[in-house]
Amino acid sequence: VKLNGEAYFKVSHNENKPFVIQTGDLSIKVLGTSFNVHAFAEDEVSKVALFTGKVEIASGAMNQQIKPGQAIIYDRRKGTFTVEEFDLVKEKDNMDGILHFEQASYVEIAKQLNRKYGLAYQERADIQLVYSGTIAHEPLEQVLEKLTLTTPYHFSVKSNKLIVRKK
């Protein structure tokens, strides 16, 4: 399977028919498991979060297996991998479209709003904000109001484009 985006997989092990997922940089060999892959071509990092079973992740000469409760993070710019524990509840929430932000920049927020609500945005270096919070299954207007109340910026939409200006 080739993947650009995010997908949850639950696959039974079959030695005669290996299941492999190809993202732009990673090859993920399934060894009987359930896991989530976050691999958007435009993002600087890819993430594989393992819930059950076992997966083997490869890129170039690197080959790594992880165990349940671990995620492997691949940084495309640096070409490096890190293995870390992850919050099972937050990861499942993310799969269900609930966004959790911790010290997120404007670009991180805008990308997620683009994916969730289809909003166009411009990358702007003049918007300096750090946001921590959760966006669940709320109407877009409510999300924009939440961001406006908790940051030094006013958020709105015009012609399906995210507009952000200093208060």
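The values are calculated or read from the model by the stated rules, or taken from the named source; none is laboratory data. Bear in mind that the values here come from a model prediction, so they are computed numbers and not experimental data. Neighbour counts run over all protein chains shown; Cβ positions are idealised from the backbone, glycine included. Side chains are part of the model used for accessible areas, which takes the heavy atoms of the whole protein and leaves out ligands, DNA and RNA. Shrake-Rupley method; radii C 1.70, N 1.55, O 1.52, S 1.80 Å.
For the reader, a short list of remarks on this structure follows.
- Taken together, 127, 109, 135 contain a single residue that is more than 16 Å from the chain's Cα centre (by Cα) and either under 21 Å from residue 43 (Cβ atoms) or modelled with pLDDT of 95 or more (or both), which is 127.
- Selection within segment 20-37 - out of contact with any helix residue (DSSP H, G or I) (no Cβ under 8 Å at 6 or more places or on another chain), modelled with pLDDT of 90 or more and of a type outside the set (Ser, Thr, Tyr): 20, 21, 22, 26, 28, 35, 37
- Residue match in segment 48-70 (condition: farther than 16 Å from residue 11 by Cα and under 14 Å from the mean Cα position of the chain (by Cα)): no
- All strands (runs of 3 or more DSSP E) inside segment 1-112 with 2 or more residues being surrounded by 15 or more Cβ atoms within 10 Å (Cβ to Cβ) and small (Gly, Ala, Ser): 27-39, 45-59
- Counted residues, segment 125-167 - those being open to solvent by 70 Å² or more (accessible area, probe 1.4 Å) and either touching a strand residue (DSSP E or B) at 6+ places or on another chain (Cβ under 7 Å) or hydrophobic (A, V, I, L, M, F, W, C) (or both): 9
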